[in-house]
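No lab work stands behind these numbers, since they all come straight from the coordinates. Since this is a predicted model, take the numbers as computed values, not measurements. Methodologically, a virtual Cβ is constructed for each residue, glycine included, from the backbone with ideal geometry; neighbour enumeration extends over all protein chains shown.
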Amino acid sequence: MSVPVYLRVAIPSPLRRTFDYLPPQSPPAAAALQPGIRVRVPFGRQEVVGVLLETGTHTDLEPGQLRQALALVDDTPVLPPDLLQLCRWVSDYYQHPLGEVVSTALPALLRKGEAADPGGETVWGLTAEARGLPETAFKRAPKQAALFRALLARGQLGRAELEALELSRNAVKALADKGLVSEQTRPPTPPARADDPLREAPLALNPEQQAALDQLRYQAFNTYLLEGATGSGKTEIYLQAIQAVLSLGRQALVLVPEIGLTPQTIGRFERRFAVAIAVLHSGLTDRERLQAWCDTASGRARIVIGTRSAIFTPLPEAGIIIVDEEHDPSFKQQDGVRYSARDLASVRASRQDIPLILGSATPALETLHNAMHQRFQHLRLTRRAGSARAPQIALLDIRRLPLQEGFSPAMLAEIEATLARREQVLVFINRRGFAPTLICHDCGWVAGCNHCDARLTVHQYPPHLHCHHCDHQRPLIQQCPQCFSRQLQQVGLGTERSELFLQQCFATTPIHRIDRDSTRRKNALAKVLEDVQRGDPCILVGTQMLAKGHHLPRVTLVAIVDADSGLLSTDLRGPERMGQLLIQVAGRAGRAERPGRVVIQSHHCDHPLMQLLVTRGYQAFARQLLAQRQLSGMPPYRYLALLRAESKRPENAIDFLTEARRLAQQLQPASPQLHYLGPLPALMEKRNGRFRYQLHVNAAARRDLHRLLQRLCRQLEANPLSRRVRWAVDVDPQDMT
DNA sequence: AGCACGCCGACT
DNA sequence: GTCGGCGTGCTC
């Protein structure tokens, strides 16, 4: 007689506990009950997909309380042991329910219980009828004709190939509707030979790059901070490190920021390597995401490039993790499980005993701090690759100067001179829309969002008012709703307004606006960049979208219209962000043979931080900020966690946090080692119709903070006040918004 | 979270 | 007379 076995299951629910079940009917072989497989179970009145954590022979429940699992979904774990462990670590470190962690670690379709092996890629091919048509068919539909010819030549095309060939998906649909194209399944690409991963020869390294590469060790955990200015050749180091790892028969994981995953980046990897590469980014459909996930989990793909959530991709033969632009805020998830993919990369690399490379021109303060304390090996690239010289940065004091739409005469003169030399200009304005404020000149009424404590941004293309925090939109009004005056003024500067103004100033020069609105249409960004590559004089007006990753060799002037907003920001990381952004944007200038120039307009040119950044560079600037952090007892010198709570009725959230503080102080009275602050309103108190507050806990020792949070969460979950609010812990918060 | 139950207000 | 508002309780 076999001992009864119980299944301990992680359920996607905010409850901080696991649930025990009886094995499903027709008891599976014990070997089938591997941790990490999915199980379909009854849960309350619903049926959910959970993940098996472990099996056990005892349970705290009465036999009658147990229900039976309905079915095992997988034969092999969707979360192999290392990832299951990582999820447990995340749940413990970030104080987030394990079931939700496990569920964020899985692609959406697996969450819903779909099979983990989609068995090949969905592709489109011509039907027999279509193959009989002459090559000159579809004379009146050029898009369809192009697709038809491509399919004749190549047989089948997948989504990625359609994109690469710039074929329209509408054409696919049109031909499919005519019965000329059908959806087919292409078997997975066979694994590439590991002995020859290269498609193209690596570039020659300069001595500095070579020295950095020589430092890397591939057989053990070590964290390398690869610090190098834009254009200093970090990517080539990544490529050659990956090459080394591939030839050891292992896989590489590359994490990139959300807007850094450009076709150029992917193209560079694909040109270099002959192995299958899986790409995971937010633009994929659930189906494509699952496909990419399966490709890496099966070991077919040898390189994974992805944004934040790619840190949870199973890699049976992981050999290296690279985090590019490691300072980028998008690596920290800002809702649900508030994890930092960069920090998880470190945990994962250490557990798997493989190297981790953190690359950046402007490392995060905590990363620099780690490097300074020898926890990371610091590799520096100081030279720009090729002949490009570092840009010269000039501060332009605009106090008392006449400004036209934010531009000083000197700045306009700079732009004009650059265009006259037949060079290109990048105008950086970190705010999309036309104007950030609509105000009534007669009574002072300001157009605000009904759901947030925010002003509505005026957009002109097309005209409307838009809340950038909750996406609420309203028609653009001409009359004040309070006093019925028609004197409504659009105050402040956004990209649309600058574009219009510059168009008037430089009527014969093409102006390209690049922000989330102008690039919403697919390939719009690629088209503009293609134009820009041709090198004719033009002006690019854009937000931080322009700051990342794009190679703009003909841009020789970067104009930063307003550097003050970041400098004066009250947020913990405001100045750090400003510095990083300025340096990143500046990196766009002068990448080819021509020297670049960066001009920064400011009312605070003599601000010590600004001076430091411009005259002595990011390192000195960052060290100064670190000194300030140490004085003010902030990370990375002390450890911070926020207890966030929000509710429709503000008092619910405040009462909850007040109680939380009381409980916390009972567990751990305030002291120099541990202090409390709050409940405080969030920087934007009301957002999306909810009032948001936070309790800050600041500790000298990570261990104390962690112990407190753990015990506090247990109590809070049982507390009736917690049911009236949405609450979550944010360990190592990025910002206080 | 999701779902059901339960008890009070303005509607066909 | 009901539809539906959200307070409360529960999930192996």
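How far is the Cα center of region A:529-604 from the Cα center of region A:224-265, in Å?
23
To the nearest 500 deg cm²/dmol, what mean residue ellipticity at 222 nm is calculated for chain A from DSSP H runs of n ≥ 4 alone, each contributing -39,500 (n - 2.57), summed and divided by the residues?
Working: 21 runs with 232 residues, N = 737.
Counting only the DSSP helices, I get -9500 deg cm²/dmol.
Within 10 Å, count the other beta carbons around each residue, average over each peptide in A:404-411, A:488-495, and list them highest first.
Working: A:404-411: 17.0, A:488-495: 19.8.
Highest mean packing first, the order is A:488-495, A:404-411.
Which of the cysteines in chain A are isolated, no other cysteine C-beta under 4.7 Å?
Cysteines of chain A left without a disulfide-compatible partner: A:CYS87, A:CYS294, A:CYS470, A:CYS505, A:CYS538, A:CYS605, A:CYS713.
By the gyration tensor of its Cα atoms, with a ≥ b ≥ c the square roots of the eigenvalues, what is the shape of region A:634-737: rounded for a/c under 1.5, prolate for a/b over b/c, or oblate?
oblate
Given 0.36 nm per residue, what is the gain on full extension from A:GLN503 to A:ALA115 after removing their alpha carbon distance, in nm? List each step's numbers first, then the result.
Numbers: separation 388, 0.36 × 388 = 139.68 nm, distance 5.39 nm.
Stretched out fully, the A:GLN503 to A:ALA115 stretch lengthens by 134.3 nm.
Work from the charge dipole of region A:207-381 (Cβ charges, +1 for Lys and Arg, -1 for Asp and Glu, about the Cα centre) and give the residue of A:ALA292, A:SER340, A:THR367 farthest towards its positive end.
Result: A:ALA292, furthest along the dipole toward the positive end.
Once you wrap a convex hull around the alpha carbon atoms of region A:498-631, what is its projected area averaged over all directions, in nm²?
On the way: hull surface 37.8 nm².
Over all viewing directions, region A:498-631 projects a mean Cα-hull area of 9.4 nm².
Once both labels are modelled 7 Å past Cα along the beta-carbon direction, what's the A:ASP471-A:ASN719 spacing in nm?
Here the answer is 3.3 nm between the modelled labels.
Please give the contour-minus-distance gain from A:ASP214 to A:ALA153: 0.36 nm per residue of separation, less the Cα-Cα distance, rounded to one decimal in nm.
Working: separation 61, 0.36 × 61 = 21.96 nm, distance 4.48 nm.
Result for the pair: 17.5 nm of gain on full extension.
Quickly work out the A:SER350-to-A:GLN25 label distance, labels modelled 7 Å from Cα along the C-beta direction, and quote it in nm with one decimal.
Between A:GLN25 and A:SER350, the label points sit 4.8 nm apart.
Compare the Cα positions of A:ASN170, A:TRP124, A:SER182 along the charge dipole of region A:121-186 (+1 at Cβ of Lys, Arg; -1 at Cβ of Asp, Glu; about the Cα centre) and return the one farthest towards the positive end.
A:ASN170
Suppose we take every Cα in region A:6-111 and form the convex hull; what volume per residue is that in Å³? Walk me through the intermediate numbers first.
On the way: hull volume 11.0 nm³, N = 106.
For region A:6-111, the hull spanned by Cα atoms encloses 104 Å³ per residue.
Straight-line reach from A:LYS234: which aspartates and glutamates have a Cα under 12 Å away, not including same-chain ones fewer than 8 places off?
A:GLU208, A:ASP324, A:GLU325
What ranking do A:321-329, A:634-642, A:154-162 get when scored by the average of other Cβ atoms within 10 Å per residue, highest first? Walk me through the numbers on the way to the answer.
Numbers: A:321-329: 24.7, A:634-642: 19.7, A:154-162: 15.9.
Descending mean neighbour count gives A:321-329, A:634-642, A:154-162.
All other residues with a Cβ under 15 Å from the Cβ of A:GLN734 taken together, and with Lys, Arg as +1 and Asp, Glu as -1, what is their net charge?
On the way: positive: A:ARG308, A:LYS332, A:ARG338, A:ARG342, A:ARG573, A:ARG577, A:ARG629, A:ARG644; negative: A:GLU258, A:GLU325, A:GLU326, A:ASP328, A:ASP335, A:ASP343, A:GLU366, A:ASP571, A:GLU576, A:ASP730, A:ASP732, A:ASP735.
Combined, the nearby Lys, Arg, Asp and Glu give -4.
Would you mind checking region A:354-370 for residues with the amide N under 13 Å from a putative spin-label position 7 Å along Cα→C-beta of A:SER632?
Nothing falls inside the zone, counting backbone N under 13 Å.
Counting only Cα, what are the radius of gyration and maximum Cα-Cα distance Dmax of region A:207-381, in Å?
Reported Rg and Dmax, both Å: 14.9, 45.
Which of rounded, prolate or oblate describes chain A when judged by the alpha-carbon gyration tensor and an a/c cut-off of 1.5?
Rounded is the answer for chain A, as its axis ratio a/c remains below 1.5.
Which pairs in the list A:LYS173/A:LYS548; A:LYS112/A:LYS178; A:LYS143/A:LYS178; A:LYS178/A:LYS527; A:LYS332/A:LYS548; A:LYS139/A:LYS178 are over 22 Å apart, alpha-carbon to alpha-carbon? All intermediate terms of the calculation are to be shown ahead of the outcome.
Details: A:LYS173/A:LYS548 34 Å; A:LYS112/A:LYS178 33 Å; A:LYS143/A:LYS178 15 Å; A:LYS178/A:LYS527 30 Å; A:LYS332/A:LYS548 17 Å; A:LYS139/A:LYS178 16 Å.
From A:LYS173/A:LYS548; A:LYS112/A:LYS178; A:LYS143/A:LYS178; A:LYS178/A:LYS527; A:LYS332/A:LYS548; A:LYS139/A:LYS178, over 22 Å: A:LYS173/A:LYS548; A:LYS112/A:LYS178; A:LYS178/A:LYS527.
When a/c is below 1.5 the answer is rounded, else prolate if a/b is larger than b/c, else oblate, so apply that to region A:612-692 with a ≥ b ≥ c taken from the square roots of the Cα gyration tensor eigenvalues. Each step should come with its number before you reach the end.
Values: a/c = 4.84, a/b = 1.63, b/c = 2.98.
Taking the square roots of the gyration eigenvalues as a ≥ b ≥ c, region A:612-692 is oblate.
Charges at C-beta only: +1 for Lys and Arg, -1 for Asp and Glu. How large is the resulting dipole of region A:639-731 about its Cα centre, in Debye rounded to 20? The partial results should precede the final answer.
On the way: 17 positive and 8 negative charges, 51 e Å.
About 240 debye.
In nm, to one decimal, how far is the modelled label at A:GLU166 from the one at A:LEU403, with both set 7 Å along Cα→Cβ?
So the two model labels end up 3.9 nm from each other.
Regarding region A:121-186, what's the average projected area of the Cα-atom convex hull, expressed in nm²? Working shown, then result.
Values: hull surface 15.5 nm².
Mean projected area of the Cα convex hull: 3.9 nm².
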